[in-house]
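The values are calculated or read from the model by the stated rules, or taken from the named source; none is laboratory data. Everything quoted here is computed from the prediction, not taken from an experiment. As a convention, Cβ positions derive from the backbone with ideal geometry for all residues, glycine included, and neighbour counts pool all protein chains shown. In case anyone asks, the SASA skips ligands and DNA or RNA and just uses the protein heavy atoms, side chains included. Shrake-Rupley method; radii C 1.70, N 1.55, O 1.52, S 1.80 Å.
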Protein chains: 2
Amino acid sequence: MNPEKNKIVILGAGNVATQLGLALYENEFPIIQVYSRTLASAEILGKQLKTAYTANIQDINTEADMYIFAIKDSALPSVLKNMPPANKSLWVHVAGSVPLDVFAGYTERYGVLYPLQTFSKSRKISFSNIPFFIEANNSADELLLENVAFSLSDKVMRFSSEKRKLLHLAAVFACNFTNHLYTLSTQILEKHGIDRNILLPLIQETAFKINDLHPRDAQTGPAVRNDDEMIGQHLEILDNQPLMKEIYRLLSESISRDKINGERDT
Amino acid sequence: MNPEKNKIVILGAGNVATQLGLALYENEFPIIQVYSRTLASAEILGKQLKTAYTANIQDINTEADMYIFAIKDSALPSVLKNMPPANKSLWVHVAGSVPLDVFAGYTERYGVLYPLQTFSKSRKISFSNIPFFIEANNSADELLLENVAFSLSDKVMRFSSEKRKLLHLAAVFACNFTNHLYTLSTQILEKHGIDRNILLPLIQETAFKINDLHPRDAQTGPAVRNDDEMIGQHLEILDNQPLMKEIYRLLSESISRDKINGERDT
């Protein structure tokens, strides 16, 4: 694909829109406009990408070759309904759990460009090893999206909507829930005046260990050792935090059950 | 401390005993013996550390200056009870949640040398940035343990048993439970024939992101966006896995509640 031939409008100015926009911009894709329903957000991203911006859906530039919808999944249908006519162009979303056919009835050519990564506005990220999952309703656009993705990353795969949804579910466990465990452990430390950064080497080794070991074989801690006495002591510390206590209990039970299943399998 | 003056016996041949033993060995501490109740394990670690080994507690060398108990917390009392007399030496354990005074009544000089890290036998690890937490029942041995720890790592702190237990509880969330989430996400992928390695860049970015951002500010995903429709779809996929479904539900609730509390605080 010749980037110059593919003028892009980015819809959304959140975490994904920002980081994907920056990556496209740095790879010299011509981004001709940013749309966000919040003018301040549209302006911030528009300026970062040195391009036009609008908060008025009727002012969306209809000359683009590709419209990238990087907005909240729940907002997508209403934006699609109100889009100005741009029906010769390719419409693309970037979501894990939204099926391809969300576009059906709104336009002719559509696809998905899903980067499997966690994005925040303020943290710049290298795209080269982010896996991209591609889908389109026609093979020409599938190829086009593949080329766009390959210009950002080395890992590009074609995945159906169904498979992509499973991937996204796995990512919720591996990333969103994991990050929340970081929050909970940080809470324990901060409550007692201990610097949270003390946990960083442990957290990072835990994440790197599974490069070498299957996570089941990397498991350590009281639950996998069936150390009921220590588990009891930990639950006691959490007596005043019923939700955290229940999370501790449930994850310990799951570790212990997974171990039994693992032993049965071998 | 002059390492040559401190002959060490390591009790245990599991994950911590192996990695700590290797680190001490490489730093030229004279390890004079390895004890494990399983002879095969004692032999493997003894050979790695080029030293004597035994599975007979009565054959433990009584000439050491330091005995490092790196055994299962639940096995500690019975080993202490059966130790041959070595009462002039320093006895040390390496556990997060075992109080210092577990040694009281068994010997005169005792302490704790707790490395905050996850260890597996087969994965070699750099000790230089692992935080060590030190405690002893007398100030001379506190200093001695501090010196031992500083010869392995740059980060050494004195922590009470009570504070160390909180730290260990936080580590269970940040490491043991996190690793189990990796197992669950891997299960989802493997069940559908998708390579688990596809998640590694996401997992590693999640762990590194909190170098820059407080984990609360790094949170992404359906729960923090209150995307109830997607949460409902994910729960539906997990219909046949009640324990995993409950984990999904509970962690989503905790993320959502944490967000509300965070907004109230600011």
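Just a few scattered comments:
- Number of the exception - B:Leu145 against (1) open to solvent by 10 Å² or more (accessible area, probe 1.4 Å); (2) in contact with a strand residue (DSSP E or B) (Cβ under 7 Å, 6 or more places away or on another chain): (1)
- Any chance B:Arg109 is touching a strand residue (DSSP E or B) at 6+ places or on another chain (Cβ under 7 Å), surrounded by 17 or more Cβ atoms within 10 Å (Cβ to Cβ), on the phi < 0 side of the Ramachandran plot and of a type in the set (D, E, K, R): yes
- Qualifying positions in the stretch B:78-108 - closer than 27 Å to A:Asn226 by Cα and part of a strand (DSSP E or B): B:Trp91, B:Val92, B:His93, B:Ala104
- For the stretch A:55-89, the set of residues classified as of a type in the set (S, T, N, Q) and without any contact (Cβ under 8 Å) to a residue 24 or more places away in the chain consists of A:Asn56, A:Ser74, A:Ser78, A:Asn87, listed by residue number.
- The residue list B:Tyr110, B:Tyr106, B:Tyr182 contains one member that is touching a helix residue (DSSP H, G or I) at 6+ places or on another chain (Cβ under 7 Å) and closer than 22 Å to B:Leu24 by Cα, which is B:Tyr110.
- A:Ala75 meets the conditions (1) modelled with pLDDT of 95 or more; (2) of a type outside the set (Asp, Glu); (3) in a helix (DSSP H, G or I) in every case but one. The failed one is (1).
- Only residues that are more than 14 Å from A:Asn15 (Cα to Cα), surrounded by 15 or more Cβ atoms within 10 Å (Cβ to Cβ) and among the polar types (S, T, N, Q) were counted in the stretch A:38-57, giving 2.
- Residues of the stretch A:242-266 satisfying the condition of being at pLDDT 90 or above and over 14 Å from B:Val172 (Cβ atoms): A:Pro242, A:Leu243, A:Glu246, A:Arg257
- Among the residues of the stretch A:99-145, those that are of a type in the set (S, T, N, Q) and within 14 Å of chain B (Cβ to nearest Cβ) comprise A:Gln117, A:Thr118, A:Ser120, A:Ser122, A:Ser126, A:Ser128, A:Asn129.
- Residue list for the stretch A:164-186, restricted to those being free of Cβ contacts under 8 Å to residues at least 12 places away in the same chain and more than 7 Å from chain B (Cβ to nearest Cβ): none
- Index of the failed condition, B:Phe119 passing every other in (1) at pLDDT 95 or above; (2) among the aromatic types (Phe, Trp, Tyr); (3) closer than 24 Å to A:Gln204 by Cβ: (1)
- Selection of the stretch B:211-237 for residues being of a type outside the set (Asp, Glu) and in contact with an Asp or Glu (Cβ under 9 Å, 6 or more places away or on another chain) yields B:Arg216, B:Ala218, B:Gln219, B:Gly221, B:Pro222, B:Ala223, B:Val224, B:Arg225, B:Met230.
- Considering the stretch B:221-252, and only residues there that are acidic (Asp, Glu) and either more than 7 Å from chain A (Cβ to nearest Cβ) or closer than 20 Å to B:Phe177 by Cα (or both), the residue that is least open to solvent (accessible area, probe 1.4 Å) turns out to be B:Glu246.
- Flag for A:Ile32 being of a type outside the set (Ser, Thr, Tyr), outside any helix (DSSP H, G or I) and either under 18 Å from A:Ala140 (Cβ atoms) or open to solvent by less than 10 Å² (accessible area, probe 1.4 Å) (or both): no
- The residues on offer are A:Ala140, A:Ala136, and the sole one that is among the small types (Gly, Ala, Ser), more than 16 Å from the chain's Cα centre (by Cα) and open to solvent by 50 Å² or more (accessible area, probe 1.4 Å) is A:Ala140.
- Of all residues in the stretch A:58-72 being in a loop (DSSP other than H, G, I, E, B) and in contact with a Pro (Cβ under 7 Å, 6 or more places away or on another chain), the one that is least open to solvent (accessible area, probe 1.4 Å): A:Ile60
- Single residue of B:Ser185, B:Ser151 found to be among the hydroxyl-bearing types (Ser, Thr, Tyr) and in the same structural domain as B:His93 (by TED's automatic domain parsing): B:Ser151
- Summed over the stretch A:74-112, the residues that are within 23 Å of the chain's Cα centre (by Cα), aliphatic (A, V, I, L, M) and farther than 14 Å from A:Phe133 by Cα give a count of 6.
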